[in-house]
Every structure is written in C-alpha cells, then in structure tokens.
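Only the coordinates and a few stated rules stand behind these numbers; no lab work does. Everything quoted here is computed from the prediction, not taken from an experiment. Every residue, glycine as well, gets a Cβ built from its backbone with ideal geometry; the counts of neighbours run over all protein chains shown.
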Amino acid sequence: MTKRSSLYAIAVWLLCGASAYADPVTVPITSGFLSYGIYNEADLRVQFPNGSAEIEWSDGLAGDWPPDFYDECCIPGTPLNVSTDESFPDPLGVHFGQLRFGSDIYSVTSFNFSVEALAAIIVPSLERGERETFEVPFRFRGTVFGTDADQRTLLLDLVGVGHTQTILDGASLLYAGYNFETNTPSPVPEPGTWLLVATGLGAVIRRMGKNRQE
C-alpha cells in the first residue's frame with residue numbers, strides 16, 4: 001500500500017468514526033402530535049426545521065398500548081398526571097418508522113422519549129358513555145436514531161412543547177394525545193431574577209419611607 005493510499009484510508013476511517021460517534025443534533029418540534037388510541041396503537045408524527053419524523057408502534061413492541069398513567073385512571077376527585085415515557089432500544093432489530101432530515105431518508109431503528117405534563121387533571125365523576133376532554137401544557141424530549149440505505153446514521157434530539165388532549169369516557173381513558181405547538185410556555189424566573197426583584201422592591205420601600213420622614 002502506498003503512502004498516499006494509506007493516508008486516504010486513515011482519512012476515511014476517521015470520517016466514518018466521527019459520523020458514528022457524533023453528538024446528536026438538537027431540533028425543536030414545530031408541529032405534529034403524539035397519540036395513544038384504545039386499539040393497541042400509538043404513533044408520533046412531528047415536523048421540525050428541515051425535516052420530520054413518523055413513528056408507529058403497537059402492543060407487539062410496547063407490550064401494551066396504554067401510557068404510563070393508565071393504571072392510575074380514573075377515580076373521580078383524584079388528580080391524574082398525564083406524563084409518560086417510552087424507550088425502544090433497537091426493538092427486535094425492526095425498522096418501525098421513517099426519519100427525514102433535509103433530502104435524506106432514514107429508517108428509525110430505535111427511539112425514546114419523555115413527556116412531562118405541567119399540571120394535573122382532576123378526574124370528574126362521569127357516567128358511562130359520558131365523555132370529557134382535558135388540556136394541560138406539556139414539554140417533550142426524545143432521541144431518535146436512524147439508518148439510511150447506505151448505512152449512514154443520524155441521531156436527533158427532539159424537543160417540544162404543547163397541550164395534551166386527554167379524553168375520558170365514564171371511568172375509562174379513551175384517548176391520550178399530545179399536540180405540539182411552536183410557542184413555548186412562559187419561562188419560570190430563575191432564583192437570581194427573584195433576588196433582583198426583591199432587591200428592587202426593598203429599595204423602593206426604603207425610598208418611600210425616607211420621603212415620608214422628610
């Protein structure tokens with residue numbers, strides 16, 4: 001092997017190694033939904049800048065359709081937290097979704113996510129056949145790994161926010177949905193911000209007291 005070909009082989013190896021172990025690309029979800037239906041199916045269909053992800057799974061992969069909070073539902077008068085998470089590390093080696101990034105298409109081979117509901121639902125007393133829908137804000141974080149036809153890989157971190165759509169039918173959970181939105185919830189002030197506000201209020205109060213004495 002010549003010196004030039006040896007250098008070329010090393011360069012190719014470095015490039016392949018870098019792509020295989022590259023850090024995930026973080027992308028914000030701009031629209032789409034995550035849903036759990038009563039027919040043992042769930043899916044995630046979202047759009048983000050320069051791409052999209054469509055992933056479906058059923059009881060064959062998840063073991064059961066319900067989200068994590070299903071067993072806690074639905075006793076009237078009790079709070080229901082609709083947070084949930086899933087993890088599919090290369091399930092059965094089966095491709096079960098599609099990931100598009102730019103002009104490239106990848107088969108999804110593994111993914112995981114966590115949904116945090118930012119408020120609880122108070123379960124009402126409903127008669128059988130009586131339905132009610134509830135919405136609370138949520139935030140989402142997930143990781144998707146895909147492989148294309150040339151065995152190139154892509155790792156994405158998906159982040160998003162939106163509102164849930166939880167439908168109760170009597171004392172049963174009928175549907176659990178999460179609708180993504182572009183807007184983000186108002187951020188909670190940092191402790192340092194509260195300190196600045198308190199310091200400013202203290203200065204105003206002292207000044208008012210001084211003016212009264214004068």
Notebook entry, point to check: Applying 1/(1 + (r/R0)^6) with R0 = 35 Å to the Cβ-Cβ distance of residue 98 and residue 71, what FRET efficiency is obtained, to the nearest 0.05?
Noted result: 0.65
Next item on the list: For a footprinting-style exposure proxy, rank 123, 159 by other Cβ within 10 Å, fewest first.
Entry: 159, 123
Note to self: At 7 Å along Cα-to-Cβ for each site, give me the label-to-label distance between residue 172 and residue 33 in nm.
What the structure shows: 2.0
Notebook entry, point to check: How many nm separate the modelled label positions at residue 128 and residue 153, each set 7 Å beyond the Cα in the direction of the Cβ?
Noted result: 5.1
Check: R0 = 22 Å: FRET efficiency of residue 23 with residue 56, Cβ-based, nearest 0.05?
Finding: 0.20
Margin query: Just to be sure I understand the model, the point goes 7 Å from the Cα along the line to the Cβ. What's the resulting residue 181 to residue 78 distance in nm?
Written below: 2.9
